[in-house]
Each structure stands twice: as structure tokens, then as C-alpha cells.
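These notes are about the structure you will find just below.
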Amino acid sequence: MGMTERSIIAGSKRVYLKEKAIAGFLLLCAMVSVVTTAGIVIVLLYESVGFFKEVSIIKFLFGTRWEPLLEPRSFGVLPLLSGTLMIVVGSALIALPIGVLTAVYLSQYAEDRTRTILKPVLEILAGIPTVVYGYFALTFISPLLRQVFPSTHVFNALSASIVVGIMILPMVASLCDDAIRAVPNTLKQGGYALGATPFEVITQVIIPGAFSGIMASFILAVSRAFGETMAVTLAAGATPNLTINPLESIQTMTAYIVQVSLGDTPAGGTEYQTIFAVGALLFFVTLLMNIIANRVMHHFREVYE
């Protein structure tokens, strides 16, 4: 075997070992996320089992009073669940349509110069700390709402929904913009060739063609709204109130977890375990929502050559 052949073999071995090392590192990175998720689920389930040994799961899921820290204690989580859903629905009604319309403008109508200005401005909104949004709602939005609706509480669900909608708006607009721009231009030109108007092309060709990407942006945005903590804690208050009136003070599941996690509640008791039960419910609701949304995405998924 000559020197040239030995050099080729040695080089091939080095390339092989390098590729194996890269593959191993990537596998390690993937396993970190898997192990972290598994650890979170195990902790939630372990602590929740201890809680449900003391509290009936039926009373927990369907009870209408949430007062775990006061006597007489009550562990009905419906007020927290309804408060969370109120914030999610309210923020989605603000962010999703405005985000899609913004994406349509950026991708179909805006000039390059306008786009290079507007898109970074949208991204700045995503970089503002959530606690700043909370103080903005408390000091600016709530006073405005009280001028229009005098019965509005200082802490209320509507102002929290507005700021959370503003928070998730950049995510919806940016991802929808990318999804719309990924639709092949031939589909758009085909619509015009058939005599469609620009509005018909956008609503009947481009939006359906980008629907799976738009749904993905909705999933991420709504999941962010579900898990938002500081903004809703400051803006919506800490009153576990079972109501559909957005002008009243409410408490979300994440806000309650913050309240109990401040250290005033001794570890190991039923009151302490409530944060894991509420966290497990929040995890389950978010997981269920993602499963349903992924099925919808798969049903409407478009694949382009």
C-alpha cells in the first residue's frame, strides 16, 4: 500500500470520526430537551398525585371557588381556568386578525423600503420585557378603559388581553409573512391569469396556500398567551373570579403560580402542592390544544415542489 492510499484512508477515517462526533453532539442536544421535558412532566405528576390524594379531582376540575390559602379552603380551579381562557381568547381576537392583515400587507403590498422599516419595528415589540407591558396596561390602558367604561376595575381582564395581544402580534405577523411569501408566485400569477382580482387572489389562493404556516403561527401565539405570567399578573389582578365580564379583576393559572411561589406558603403542604396541580392542568390544556391544532395543520397542509 502506497503513501497516497494510506493518506486517503487516514483522511477518510478522520472525516468519519468527525461526522460521528457531530452526530453525537446533535443527539446530545436533542436528548437535553427530551430529558428536560420528561423531568418537568415527572415532577408535575409526582406532586399532583400527592395533591389529589387530599382533594377530589372532581371538586378540583368543576368547583367554582378557588380559595386554597383561606379558611374554609376551596380548591375549585374553574375561576383560574376561565380567567386564563378569557385572556387567551381576548388576545387572540386582537392579535390573530391584525397579524394576518399585517402579513398580507408586508408580503403583497408594501414596497421594499417600507418593509425594511416596518418589520424591524414589529420585532422590537417582541423584545420588550413582559413586566413593561404589565405596567403599560396598568398605567395607560386601564385608565383609558375607565374613561370609556366607568365600571372598569383597576385590574381587569380586558387591559390584560390587549397587552398580551400586542405582545403576540409580532410573532403572528412575522410567521404569517414568511408563510405567505413561501407560496409559489406561479399560483398567484395563475389566479391573475384566470381574471381574479387582487382581493380574490389573496383570499382564495394565497391565504389557503399558506394556511398550514398561518396555523403554526396561531399555535405558537396562543401557546405564548396561555403561558404569559407577568403582564397578566400586573394587569388582570389576583382575584380568582368566575366571570365573563372582561372589565372585572380575574386571576389566571400562571398568576396564581407566581403568587404561591413567592415563598409565603410552606413547602410540602396541600397549599404548596396546588401550584403543581394547576401547572399540570395548564400543561394538559396546552398539550391538548397543540394536538388539535397539529391535526388541523396536517389536514390542510400544502406541499410545493
- Task: Within the range 129-150, track down each residue that is free of Cβ contacts under 8 Å to residues at least 40 places away in the same chain and surrounded by 15 or more Cβ atoms within 10 Å (Cβ to Cβ).
- Result: 136, 146
- Query: Can you name every residue in the range 174-193 that is touching a helix residue (DSSP H, G or I) at 6+ places or on another chain (Cβ under 9 Å) and either over 24 Å from residue 112 (Cα atoms) or of a type in the set (Val, Ile, Thr) (or both)?
  - Reply: 180, 183
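Could we say that residue 237 is touching a Leu at 6+ places or on another chain (Cβ under 8 Å), crowded, with 16+ Cβ neighbours inside 10 Å, at pLDDT below 85 and not hydroxyl-bearing (Ser, Thr, Tyr) here? Don't jump to the end; show me each part of the working.
Numbers: touching a Leu at 6+ places or on another chain (Cβ under 8 Å): no; crowded, with 16+ Cβ neighbours inside 10 Å: yes; at pLDDT below 85: yes; not hydroxyl-bearing (Ser, Thr, Tyr): yes.
So residue 237 does not fit the description; no.
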- Note on the structure: So, first residue crowded, with 19+ Cβ neighbours inside 10 Å in the range 196-215, second residue among the aromatic types (Phe, Trp, Tyr) and assigned to a helix (DSSP H, G or I), Cβ within less than 9 Å, six or more apart or across chains; the pairs are 201/192
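Looking at this structure, is residue 151 in contact with an Asp or Glu (Cβ under 8 Å, 6 or more places away or on another chain) and assigned by TED's automatic domain parsing to the domain that holds residue 100?
No: the conditions fail for residue 151.
Run down 210, 238 and say which single residue is of a type in the set (A, V, I, L, M, F, W, C) and either outside the structural domain of residue 255 (by TED's automatic domain parsing) or farther than 30 Å from residue 62 by Cβ (or both).
Values: 238 fails: either outside the structural domain of residue 255 (by TED's automatic domain parsing) or farther than 30 Å from residue 62 by Cβ (or both).
Answer to the check: 210.
Being among the polar types (S, T, N, Q), out of contact with any His (no Cβ under 7 Å at 6 or more places or on another chain) and not in a helix (DSSP H, G or I) is the requirement here; does residue 102 meet it?
Details: among the polar types (S, T, N, Q): yes; out of contact with any His (no Cβ under 7 Å at 6 or more places or on another chain): yes; not in a helix (DSSP H, G or I): no.
For residue 102, the condition - among the polar types (S, T, N, Q), out of contact with any His (no Cβ under 7 Å at 6 or more places or on another chain) and not in a helix (DSSP H, G or I) - is not met.
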- Residue tally, condition part of a helix (DSSP H, G or I) and under 27 Å from the mean Cα position of the chain (by Cα), over the range 52-80: 7
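The values are calculated or read from the model by the stated rules, or taken from the named source; none is laboratory data. In this text the structure is predicted, and so the values were computed from the model without any measurement. Virtual Cβ from ideal backbone geometry, glycine too; neighbours counted across all protein chains shown.
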